[in-house]
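The values are calculated or read from the model by the stated rules, or taken from the named source; none is laboratory data. Everything quoted here is computed from the prediction, not taken from an experiment. Because the Cβ atoms are built from the backbone with ideal geometry, glycine has one as well, and the counts that use them run over all protein chains shown. Side chains included, ligands, DNA and RNA excluded: accessible areas come from the protein's heavy atoms. Shrake-Rupley method; radii C 1.70, N 1.55, O 1.52, S 1.80 Å.
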Amino acid sequence: MLLRGRLASWLGVAVLSALLLAGPAMAETITQTFEHQLGIGESAKSFEHRIDLPEPLAMKGQIFIGRQLELSGKMVIEREELKGTYYYVKVRLPKATLWVAKGSLKVTLETGAQPPATPVLESCTGLKVTGPGLTPRLSWNGAGKYTAVTLLDRGSGKTVWERVILGKTVADLDEGGLSVGRRYFFGACQSDETARYSPEAKVAFRVDVKVERCRYCYGTGWETCRSCNGSGHFVTQGPNGQPIYTVCSFCHGTGRQPCTWCNGTGKIETPIIVPE
Ligand SMILES: [Zn+2]
Ligand SMILES: [Zn+2]
């Protein structure tokens, strides 16, 4: 009890509980909850957290051997790493628009005397990028417990988006967007409670545009002038009742204006995903 009390105070808000296992080795769990909040209008923000193996456990020969994660609210996980002596996690809250954005991540770490003996999961399969070209949907086949997904810009070599997805085999780009003409990799690694990740599976794609005839102006690029309804002039009455014609200043008498739907091009360009 004394040891437990000292550990709890050493860890601050962490809650420590002991699990008795068969044999002399004792496993323990450490639970810590990270809560964050953004005010209205505040930009999206990332927060990094690290939980170190408490020294008394290290002295007993214990190492971290697994973790469980529980997300709530708007919080997402960008990346995580579990080592024998520490756990690192980077979480993020999206921009708060109409209301405050808040959320929390509960991390439960398990210690043991030996690294996990079970095999690391196989790579994910069937990676797909579908849906809107600039904010696509990513999907894959796998165990679906913990999947680290990344979108990498192949031109710059930079990661443009990354998330650790819990309990699903699908993820929507929830922030930012891709660019037409650029090439990307979608990569996925999966893990179980041991937090050891499979080799990365990845697919290449680019964002292109599909050009279609504008359905609003039938490809002409023009629509009827909204000021004069297409007549090109206005009619008013003079002092003796005679009609006075005034040229429409908006369309200069042509009766038409550039199509507002396609900006007068006659074409609609839609970003699309092209596998490579
Ligand atoms: Zn007009
Ligand atoms: Zn048009």
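Values as computed for the structure displayed
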| read-out | value |
| --- | --- |
| In degrees, nearest ten, helix 2-11 long axis to first principal axis of the chain (Cα) | 20 degrees |
| The stretch 213-269: radius of gyration and largest Cα-Cα distance (Dmax), Å | 14.8, 53 |
| Dipole magnitude of the chain, debye to nearest 20 (Cβ charges: Lys/Arg +1, Asp/Glu -1, about Cα centre) | 500 debye |
| Over the stretch 67-221: Kirkwood hydrodynamic radius from C-alpha pairwise inverse distances, Å | 17.5 Å |
| Heavy atoms of Thr220: accessible area, 1.4 Å probe, square angstrom to 10 | 80 Å² |
| Distance cut-off 35 Å, percentage of C-alpha pairs in the chain lying past it | 43 percent |
| For the chain: accessible area per residue (Å², 1.4 Å) | 58 Å² |
| Whole-Hz couplings from phi, Karplus 6.51/-1.76/1.60, listed for the stretch 131-142; x for Gly and Pro | x, x, x, 9, 9, x, 9, 10, 9, 7, 10, x |
| Structure-based [θ]222 nm, the chain - -39500 (n - 2.57) summed over DSSP H runs of at least 4, per residue, nearest 500 | -1500 deg cm²/dmol |
| Links that overshoot a 25 Å alpha carbon limit, given the list Lys102/Lys168; Lys95/Lys128; Lys74/Lys106; Lys90/Lys202 | Lys95/Lys128 |
| Debye, to nearest 20: dipole size of the stretch 125-208, +1 on Lys, Arg Cβ, -1 on Asp, Glu Cβ | 240 debye |
| Most to least packed among 133-144, 256-267, 233-244 [average Cβ atoms within 10 Å] | 133-144, 256-267, 233-244 |
| Mean-position separation - Cα centroids, the stretch 126-150 and the stretch 207-276, in angstrom | 41 Å |
| Convex hull of the stretch 54-128 built on C-alpha atoms - directionally averaged projected area, nm² | 7.5 nm² |
| P(r) histogram, all alpha-carbon pairs of the stretch 149-257 included - 5 Å bins from 0, percent | 2, 9, 12, 11, 8, 7, 5, 6, 6, 7, 6, 5, 5, 4, 3, 2, 1, 1, 0 |
